[in-house]
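Student: Below are the structure tokens for one structure; questions will follow.
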Amino acid sequence: MLKHGLLFFQVPKHIRKGKDVTVEIGRKHIKASCKDVNGQTVVLVDGDLIWECHKDECVWSLVPGEHVHVRTLLNYKYYLIVLFIA
């Protein structure tokens, strides 16, 4: 049974465009990073997910200066699960 999962994580205030963020989603892992004001790469999140997801069915969007929102498709029986908040 396929259901949706949501992930949210904060980004620095200076992050205003999607091209300023890199998000890599694997079957059971997510990594996201951005550049700080000095141009250095900062890892925002790097960790394992609780459940497997269909990485080809994942989408993410940026709320400028606030957070990244990732929507995943899971192999799990609950309808809506918040997997991770950082």
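Student: Please state which of the following conditions residue 16 fails to meet, knowing it meets all the rest: (1) surrounded by fewer than 15 Cβ atoms within 10 Å (Cβ to Cβ); (2) closer than 15 Å to residue 70 by Cβ; (3) in contact (Cβ under 8 Å) with a residue 40 or more places away in the chain.
Tutor: Among (1) surrounded by fewer than 15 Cβ atoms within 10 Å (Cβ to Cβ); (2) closer than 15 Å to residue 70 by Cβ; (3) in contact (Cβ under 8 Å) with a residue 40 or more places away in the chain, residue 16 violates only (2).
Student: Return only the number of the condition from (1) at pLDDT below 90; (2) on the phi < 0 side of the Ramachandran plot that residue 61 does not satisfy.
Tutor: Result: residue 61 fails condition (1) only.
Student: While we're here: Could you grab me the full set of residues in segment 1-31 that are over 13 Å from residue 49 (Cα atoms), hydrophobic (A, V, I, L, M, F, W, C), in a strand (DSSP E or B) and under 12 Å from the mean Cα position of the chain (by Cα)?
Tutor: Scanning segment 1-31 gives 9, 21, 23.
Student: Of the numbered conditions (1) surrounded by fewer than 18 Cβ atoms within 10 Å (Cβ to Cβ); (2) out of contact with any strand residue (DSSP E or B) (no Cβ under 6 Å at 6 or more places or on another chain); (3) not small (Gly, Ala, Ser), residue 25 satisfies every one except a single condition; which is it?
Tutor: Of the numbered conditions (1) surrounded by fewer than 18 Cβ atoms within 10 Å (Cβ to Cβ); (2) out of contact with any strand residue (DSSP E or B) (no Cβ under 6 Å at 6 or more places or on another chain); (3) not small (Gly, Ala, Ser), the odd one out for residue 25 is (1).
The values are calculated or read from the model by the stated rules, or taken from the named source; none is laboratory data. None of these values were measured; they are calculated from a predicted model. Positions of Cβ are backbone-derived with ideal geometry, glycine not excepted, and every protein chain shown enters the neighbour counts.
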